[in-house]
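The values are calculated or read from the model by the stated rules, or taken from the named source; none is laboratory data. Model, not experiment: these values are computed from the prediction. Here the Cβ positions follow ideal geometry from the backbone for every residue, glycine too, while neighbour counts run over all protein chains shown.
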Amino acid sequence: MIDWRNPDYAGIFRERLNRLQRIRDEPSVLPALKLHYKLNPADFISDWGVCINPKNIEQDRPSYVPFVLYPKQRDWVEWVLRKWHSQSPGITEKTRQMGFSWLTMALSCTLSLFHEGLVVGIGSRKQEYVDILGDPKSLLQRAREFMSNLPPEFRGGWDVRQHAPHMRIMFPATSSIIVGESGDNIGRGNTTSLYFVDEAAFVERPLLVDAALSQTTNCRIDVSTPNGMANPFAQKRFSGNIDVFTFHWRDDPTKDIEWYNKQVAEQDPVTIAQELDINYAASVEGVVIPSAWVQAAIGAHLKLGIEPTGSKFAALDVADEGSDKNALAGRHGFLLQHLKSWSGKGSNIYQTVIKTFALCDEWGYEAFEYDADGIGAGVRGDAQQINAERDKAQLPRINDEPFRGSGPVWRPDAQMVKKRLNKDYFLNAKAQAWWALRLRFEATHKAVIDGLPFNPDDIISIDPNLPELTSLTMELSQPTWSQNSVGKIVIDKMPEGTRSPNLGDAVMIAYQPASRRWEVWRKLAG
């Protein structure tokens, strides 16, 4: 087991030397080993790969380090292989400073070493990012470094002086090649087996690139941090028509909340939201819940040393039968402790309610609230039928409560915002519920980051182990707010180009102020 925060590089190199000596003592194992690496490129990178990290020098560590992949990096390698074998495109959205350039080039080299006649394309918006001989920031120079540090047994006769000219990396043993291209020339060269577009959201003339690559490759992988919504990368990401792999800083075991807080202290909020939190609406005005507030709420109860108390129940956001997803959120008092989404395609409302009951049983909840607008209106009848069957089977009932976001505000003559009556400040229940959630996140941020006094019932804490945490954090910071002609708050949960935030909606319903479950508990609590 590797200590990712304090890795024993010397120990890893010693193990590699021992392994290499065993291979040299018994060279007959090489063919089988190479076959294994052909099928398992992540193993090859972890077993023999080297990368350069200049930042290590300031920590008194070597700059040349073994490239041992952590779990999410391995997941990405397997995802790329699936895309390649199925001849389908994919998008990778990522946090900056994740070592992704090294990972892309290590995978490209590994595939080229073990596959005959492979052509891998590498494109970026400027030539200096693709290849400058001797410049470690350029992509192909990283490929040269990766290849140069492999044992001779695995290089296949590769020599940096013969097989790595400008904008090319050639593999003599397999006749494979990595080809670099930049700017408007991306995709204008050879037909490729696989093509990576680096920082695709920042390409200056993306439509020209899209047209060229449509005729060049069947497997295009766009890799980028967000750059707002006004670009094809973002539009494709939210189209629902292309597979998306998300690589968030929380997926990197070398980074933690202290690292994140240091970045927050040193950089502006828009940069943090866009380049670390993968927020496409970072520069959009009127974001309901800023990403910094969401990050502060992750594990807030652990940071503040408090335990959740109060009511336990779930909230369901109902999907249609298309590409939309159902989402169920479960809370215990202030703690968001469960989260689950599943496709509504080919399903119906009854099956959705069946699954909701099963999850409530699994999580130990006796009730759920649901979006009763539109297609969700059918939940009540199906829930009654299921509860009747549970009565016959002597199983406990699971109560359901509707939430109508299009309906009137809760406590219209009260003030959720000082000096503004609810009926004068919010357009409808949805606007009020999203604003109530905003107030919870704001109070949590003040408590966690600023150390201000807080009431546990007024905050929100998100379990840091939720399986869909990354998607949730992005969705919570997607909705925007504005005021209509009479000054009422209006919520746009799907700014132009985005998709419905199903997970976010489920959480909003779970914490909406008119929740009968929460109201009952508040009355019991006095």
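The residues listed here are GLU285, GLU275, GLU321, GLU258; of these, the one that is modelled with pLDDT under 90 and not in a loop (DSSP other than H, G, I, E, B) is GLU258. If you check GLY364, GLY405, GLY381 for being in contact (Cβ under 8 Å) with a residue 24 or more places away in the chain and surrounded by fewer than 17 Cβ atoms within 10 Å (Cβ to Cβ), only one passes: GLY364. Residues of the stretch 403-444 that are over 21 Å from ASP457 (Cβ atoms) and of a type in the set (S, T, N, Q): SER406, ASN428.
Of the residues examined, ALA201 is one that is in contact with a Phe, Trp or Tyr (Cβ under 7 Å, 6 or more places away or on another chain), of a type in the set (Gly, Ala, Ser) and either surrounded by fewer than 16 Cβ atoms within 10 Å (Cβ to Cβ) or not in a loop (DSSP other than H, G, I, E, B) (or both). Of the strands (runs of 3 or more DSSP E) lying entirely inside the stretch 97-191, those containing at least 3 residues that are over 30 Å from ARG19 (Cα atoms) and in the same structural domain as CYS219 (by TED's automatic domain parsing) are 119-124, 176-182. Filtering the stretch 324-371 to residues that are aromatic (Phe, Trp, Tyr) and in a strand (DSSP E or B) leaves TRP342, PHE368, TYR370.
Output the residue which, of all residues in the stretch 74-93 that are out of contact with any Asp or Glu (no Cβ under 9 Å at 6 or more places or on another chain) and among the aromatic types (Phe, Trp, Tyr), is surrounded by the fewest Cβ atoms within 10 Å (Cβ to Cβ). Filtering first and then ranking leaves TRP84. If LEU339 meets every condition in (1) farther than 21 Å from ARG404 by Cβ; (2) free of Cβ contacts under 8 Å to residues at least 60 places away in the same chain apart from one, which number is that one? Just one mismatch for LEU339, condition (2). Just one of the listed residues (GLN415, GLN478) is crowded, with 22+ Cβ neighbours inside 10 Å and in a loop (DSSP other than H, G, I, E, B), and it is GLN478. Can you confirm whether the stretch 138-145 contains a residue that is among the acidic types (Asp, Glu), under 32 Å from the mean Cα position of the chain (by Cα) and loosely packed, with under 15 Cβ neighbours inside 10 Å? No: zero hits.
Of all residues in the stretch 217-231, those being closer than 23 Å to TRP84 by Cβ and of a type outside the set (Ser, Thr, Tyr) number 6.
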